[in-house]
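The values are calculated or read from the model by the stated rules, or taken from the named source; none is laboratory data. It should be emphasised that the depicted structure is a prediction, and the values quoted were computed from it without experimental measurement. For neighbour counting, all protein chains shown are included, and Cβ atoms are generated from backbone atoms with ideal geometry for every residue, glycine included. Each accessible area value is taken on the protein alone, full model and side chains, heavy atoms only, with ligands, DNA and RNA left out. Shrake-Rupley method; radii C 1.70, N 1.55, O 1.52, S 1.80 Å.
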Amino acid sequence: MLSRVVFASAPVLKNSGPFGACVVQASRSLQTSHQKQAPVPPLPEKGGQTRHGIIPEELFTILYPKTGVTGPYMLGTGLLTYMLSKEIYIINHETFAAACMGIVIVYGIKKFGPDVAAFADKLNEEKVAKAQEVKNAAVASLTQAIEDEKKEQWRVEGRQMLFDAKRNNVAMMLETNYRERVHMVTNEVKKRMDYQIELQKLHRRMEQEHMVNWVEKNVVSSITPQQEKESIAKCISDLKLLAKSSQARAAV
(Lines give C-alpha, C1' and ligand atoms only; values in the text may rest on other atoms or scores of the structure.)
Protein backbone atom coordinates (compact mmCIF):
# COMPACT_ATOMS: atom_id res chain seq x y z
CA MET A 1 0.00 0.00 0.00
CA LEU A 2 2.81 2.39 0.87
CA SER A 3 4.57 1.71 -2.39
CA ARG A 4 1.38 2.50 -4.34
CA VAL A 5 1.07 5.83 -2.56
CA VAL A 6 4.71 6.63 -3.29
CA PHE A 7 4.32 5.63 -6.94
CA ALA A 8 1.17 7.68 -7.30
CA SER A 9 2.77 10.80 -5.80
CA ALA A 10 6.06 10.44 -7.74
CA PRO A 11 5.06 12.78 -10.65
CA VAL A 12 4.18 15.49 -8.11
CA LEU A 13 7.43 14.98 -6.16
CA LYS A 14 9.66 15.08 -9.25
CA ASN A 15 9.46 18.88 -9.51
CA SER A 16 9.14 19.64 -5.79
CA GLY A 17 12.78 20.25 -4.73
CA PRO A 18 15.24 18.15 -2.71
CA PHE A 19 12.59 16.45 -0.54
CA GLY A 20 10.78 15.30 -3.63
CA ALA A 21 14.05 14.08 -5.14
CA CYS A 22 14.71 11.96 -2.05
CA VAL A 23 11.20 10.49 -2.16
CA VAL A 24 11.53 9.75 -5.88
CA GLN A 25 14.88 8.07 -5.24
CA ALA A 26 13.30 5.94 -2.49
CA SER A 27 10.45 4.99 -4.83
CA ARG A 28 12.93 3.95 -7.51
CA SER A 29 14.73 1.73 -5.01
CA LEU A 30 11.44 -0.14 -4.38
CA GLN A 31 10.88 -0.89 -8.06
CA THR A 32 12.06 -4.16 -9.56
CA SER A 33 11.93 -3.26 -13.26
CA HIS A 34 14.79 -2.11 -15.46
CA GLN A 35 14.09 1.50 -14.45
CA LYS A 36 16.11 0.99 -11.27
CA GLN A 37 19.18 1.46 -13.47
CA ALA A 38 17.99 4.96 -14.46
CA PRO A 39 20.32 7.83 -13.46
CA VAL A 40 19.62 9.51 -10.13
CA PRO A 41 18.85 13.26 -10.38
CA PRO A 42 21.65 15.45 -9.02
CA LEU A 43 21.31 16.78 -5.50
CA PRO A 44 20.66 20.55 -5.25
CA GLU A 45 23.43 22.79 -3.97
CA LYS A 46 21.05 24.81 -1.78
CA GLY A 47 18.22 23.71 0.48
CA GLY A 48 14.55 24.10 -0.43
CA GLN A 49 12.04 26.52 1.00
CA THR A 50 10.55 25.95 4.45
CA ARG A 51 7.62 27.25 6.46
CA HIS A 52 7.75 28.15 10.11
CA GLY A 53 11.46 27.51 10.09
CA ILE A 54 11.47 23.67 9.98
CA ILE A 55 8.53 22.42 7.89
CA PRO A 56 9.48 21.76 4.24
CA GLU A 57 7.43 23.47 1.58
CA GLU A 58 7.06 20.16 -0.27
CA LEU A 59 4.69 18.79 2.43
CA PHE A 60 2.27 21.63 1.76
CA THR A 61 2.68 21.21 -2.00
CA ILE A 62 1.82 17.51 -1.77
CA LEU A 63 -1.39 18.14 0.23
CA TYR A 64 -2.63 21.10 -1.79
CA PRO A 65 -4.21 19.02 -4.64
CA LYS A 66 -6.15 16.84 -2.10
CA THR A 67 -6.95 19.12 0.85
CA GLY A 68 -6.55 22.67 -0.37
CA VAL A 69 -4.60 25.49 1.28
CA THR A 70 -5.82 24.84 4.87
CA GLY A 71 -5.32 21.07 4.66
CA PRO A 72 -1.77 20.95 6.07
CA TYR A 73 -2.69 23.18 9.00
CA MET A 74 -5.85 21.17 9.75
CA LEU A 75 -3.85 17.95 9.53
CA GLY A 76 -1.26 19.26 11.96
CA THR A 77 -3.92 20.58 14.34
CA GLY A 78 -5.89 17.34 14.17
CA LEU A 79 -2.82 15.24 14.85
CA LEU A 80 -1.87 17.44 17.81
CA THR A 81 -5.40 17.31 19.21
CA TYR A 82 -5.56 13.56 18.76
CA MET A 83 -2.24 13.03 20.51
CA LEU A 84 -3.26 15.29 23.42
CA SER A 85 -6.76 13.85 23.78
CA LYS A 86 -5.52 10.28 23.73
CA GLU A 87 -2.69 11.25 26.05
CA ILE A 88 -0.19 9.96 23.56
CA TYR A 89 1.79 13.05 24.35
CA ILE A 90 1.49 14.59 27.83
CA ILE A 91 2.37 18.23 28.42
CA ASN A 92 4.86 18.71 31.28
CA HIS A 93 7.78 20.94 32.17
CA GLU A 94 9.92 19.39 29.42
CA THR A 95 7.38 20.60 26.88
CA PHE A 96 7.80 24.21 28.01
CA ALA A 97 11.58 23.78 28.05
CA ALA A 98 11.47 22.38 24.54
CA ALA A 99 9.21 25.25 23.42
CA CYS A 100 11.65 27.78 24.91
CA MET A 101 14.59 26.08 23.29
CA GLY A 102 12.74 25.97 19.98
CA ILE A 103 11.94 29.69 20.23
CA VAL A 104 15.58 30.45 21.00
CA ILE A 105 16.75 28.26 18.10
CA VAL A 106 14.30 29.88 15.68
CA TYR A 107 15.32 33.33 16.90
CA GLY A 108 19.01 32.46 16.49
CA ILE A 109 18.36 31.14 13.00
CA LYS A 110 16.42 34.25 12.02
CA LYS A 111 18.97 36.56 13.64
CA PHE A 112 22.30 34.95 12.79
CA GLY A 113 21.26 32.60 10.01
CA PRO A 114 21.89 35.02 7.10
CA ASP A 115 25.37 35.92 8.38
CA VAL A 116 26.29 32.29 8.97
CA ALA A 117 24.86 31.38 5.57
CA ALA A 118 26.85 34.18 3.92
CA PHE A 119 30.02 33.01 5.68
CA ALA A 120 29.35 29.41 4.66
CA ASP A 121 28.63 30.53 1.10
CA LYS A 122 31.88 32.48 1.09
CA LEU A 123 33.81 29.42 2.25
CA ASN A 124 31.99 27.31 -0.33
CA GLU A 125 32.77 29.84 -3.05
CA GLU A 126 36.43 29.84 -2.06
CA LYS A 127 36.51 26.05 -2.18
CA VAL A 128 34.71 26.07 -5.50
CA ALA A 129 37.14 28.73 -6.81
CA LYS A 130 40.14 26.64 -5.72
CA ALA A 131 38.60 23.55 -7.27
CA GLN A 132 37.89 25.53 -10.44
CA GLU A 133 41.51 26.73 -10.52
CA VAL A 134 42.72 23.17 -10.15
CA LYS A 135 40.28 22.11 -12.87
CA ASN A 136 41.40 24.92 -15.18
CA ALA A 137 45.04 24.06 -14.57
CA ALA A 138 44.35 20.39 -15.28
CA VAL A 139 42.36 21.28 -18.41
CA ALA A 140 45.15 23.61 -19.58
CA SER A 141 47.75 20.92 -18.90
CA LEU A 142 45.73 18.30 -20.75
CA THR A 143 45.08 20.73 -23.61
CA GLN A 144 48.80 21.42 -23.87
CA ALA A 145 49.46 17.69 -23.76
CA ILE A 146 46.96 17.19 -26.59
CA GLU A 147 48.63 19.94 -28.63
CA ASP A 148 52.05 18.39 -27.97
CA GLU A 149 50.72 15.00 -29.01
CA LYS A 150 49.29 16.48 -32.22
CA LYS A 151 52.63 18.17 -32.89
CA GLU A 152 54.45 14.88 -32.33
CA GLN A 153 52.03 13.14 -34.69
CA TRP A 154 52.70 15.88 -37.26
CA ARG A 155 56.42 15.37 -36.77
CA VAL A 156 56.01 11.62 -37.23
CA GLU A 157 54.14 12.28 -40.49
CA GLY A 158 56.91 14.64 -41.59
CA ARG A 159 59.49 12.04 -40.62
CA GLN A 160 58.25 9.82 -43.45
CA MET A 161 58.92 12.65 -45.91
CA LEU A 162 62.36 13.15 -44.34
CA PHE A 163 63.12 9.45 -44.71
CA ASP A 164 62.04 9.59 -48.36
CA ALA A 165 64.31 12.59 -48.96
CA LYS A 166 67.23 10.84 -47.24
CA ARG A 167 66.53 7.69 -49.26
CA ASN A 168 66.56 9.74 -52.47
CA ASN A 169 69.81 11.43 -51.40
CA VAL A 170 71.42 8.06 -50.73
CA ALA A 171 70.25 6.80 -54.13
CA MET A 172 71.68 9.92 -55.80
CA MET A 173 74.98 9.47 -53.95
CA LEU A 174 75.16 5.84 -55.07
CA GLU A 175 74.37 6.84 -58.65
CA THR A 176 77.00 9.60 -58.54
CA ASN A 177 79.59 7.19 -57.13
CA TYR A 178 78.73 4.66 -59.84
CA ARG A 179 79.07 7.25 -62.58
CA GLU A 180 82.37 8.47 -61.12
CA ARG A 181 83.71 4.92 -61.11
CA VAL A 182 82.51 4.35 -64.68
CA HIS A 183 84.18 7.60 -65.74
CA MET A 184 87.39 6.60 -63.94
CA VAL A 185 87.38 3.18 -65.65
CA THR A 186 86.75 4.85 -69.02
CA ASN A 187 89.70 7.22 -68.49
CA GLU A 188 91.96 4.38 -67.40
CA VAL A 189 91.00 2.28 -70.42
CA LYS A 190 91.51 5.29 -72.72
CA LYS A 191 94.93 5.94 -71.22
CA ARG A 192 95.96 2.33 -71.77
CA MET A 193 94.66 2.37 -75.32
CA ASP A 194 96.51 5.65 -75.98
CA TYR A 195 99.64 4.06 -74.51
CA GLN A 196 99.30 1.10 -76.86
CA ILE A 197 98.77 3.44 -79.83
CA GLU A 198 101.80 5.53 -78.91
CA LEU A 199 103.80 2.34 -78.40
CA GLN A 200 102.82 1.10 -81.85
CA LYS A 201 103.70 4.51 -83.36
CA LEU A 202 107.07 4.38 -81.63
CA HIS A 203 107.75 0.90 -82.97
CA ARG A 204 106.74 1.98 -86.46
CA ARG A 205 108.94 5.09 -86.31
CA MET A 206 111.88 3.15 -85.00
CA GLU A 207 111.44 0.56 -87.75
CA GLN A 208 111.27 3.31 -90.38
CA GLU A 209 114.39 5.02 -89.01
CA HIS A 210 116.20 1.73 -88.85
CA MET A 211 115.17 0.91 -92.42
CA VAL A 212 116.27 4.33 -93.68
CA ASN A 213 119.57 4.08 -91.87
CA TRP A 214 120.12 0.56 -93.22
CA VAL A 215 119.34 1.62 -96.80
CA GLU A 216 121.49 4.72 -96.51
CA LYS A 217 124.33 2.73 -95.03
CA ASN A 218 124.13 0.10 -97.74
CA VAL A 219 123.94 2.72 -100.48
CA VAL A 220 126.90 4.62 -99.05
CA SER A 221 128.89 1.43 -98.64
CA SER A 222 128.12 0.40 -102.23
CA ILE A 223 129.61 3.64 -103.68
CA THR A 224 133.28 3.31 -104.68
CA PRO A 225 135.81 6.16 -104.40
CA GLN A 226 135.88 6.56 -108.18
CA GLN A 227 132.13 6.82 -108.34
CA GLU A 228 132.23 9.31 -105.51
CA LYS A 229 134.75 11.48 -107.40
CA GLU A 230 132.75 11.28 -110.60
CA SER A 231 129.62 12.13 -108.68
CA ILE A 232 131.31 15.11 -107.04
CA ALA A 233 132.65 16.29 -110.42
CA LYS A 234 129.20 15.87 -111.92
CA CYS A 235 127.67 17.91 -109.14
CA ILE A 236 130.28 20.66 -109.58
CA SER A 237 129.67 20.83 -113.33
CA ASP A 238 125.93 20.96 -112.73
CA LEU A 239 126.39 23.78 -110.22
CA LYS A 240 128.51 25.72 -112.75
CA LEU A 241 125.88 25.32 -115.43
CA LEU A 242 123.19 26.46 -112.98
CA ALA A 243 125.33 29.48 -112.05
CA LYS A 244 125.84 30.48 -115.75
CA SER A 245 122.15 30.10 -116.51
CA SER A 246 121.20 32.18 -113.46
CA GLN A 247 123.69 34.92 -114.50
CA ALA A 248 122.25 34.96 -118.04
CA ARG A 249 118.75 35.35 -116.71
CA ALA A 250 119.88 38.12 -114.42
CA ALA A 251 121.53 40.01 -117.37
CA VAL A 252 118.36 39.76 -119.48
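Quick look at the values:
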quantity: Centroid-to-centroid separation of segment 106-145 and segment 213-246 [C-alpha atoms, Å]; calculated: 141
quantity: Heavy-atom accessible surface of segment 59-100: percent carbon and sulfur, 1.4 Å; calculated: 72
quantity: Unit Cα scatterers, Debye sum, segment 104-232: log10 I(q)/I(0) for q = 0.14 Å⁻¹; calculated: -0.96
quantity: Qualifying aspartates and glutamates (Cα of each under 20 Å from Cα of Lys46; at least 8 residues distant if same chain); calculated: Glu57, Glu58, Asp115, Asp121, Glu125, Glu126
quantity: Pairwise FRET efficiency - Met193 versus Gln226, Cβ, R0 = 35 Å, nearest 0.05; calculated: 0.05
quantity: Accessible area in square angstrom per residue, segment 96-167, 1.4 angstrom probe; calculated: 90
quantity: Kirkwood hydrodynamic radius over Cα pairs of segment 192-252, then Stokes diffusion coefficient at 4 °C and 1.567 mPa s, in µm²/s; calculated: 83
quantity: Total charge dipole magnitude, segment 99-228, about the Cα centre, Cβ charges on Lys, Arg, Asp, Glu only, Debye to nearest 20; calculated: 400
quantity: FRET E, pair Lys111, Arg51, Förster distance 25 Å, beta-carbon r, rounded to 0.05; calculated: 0.85
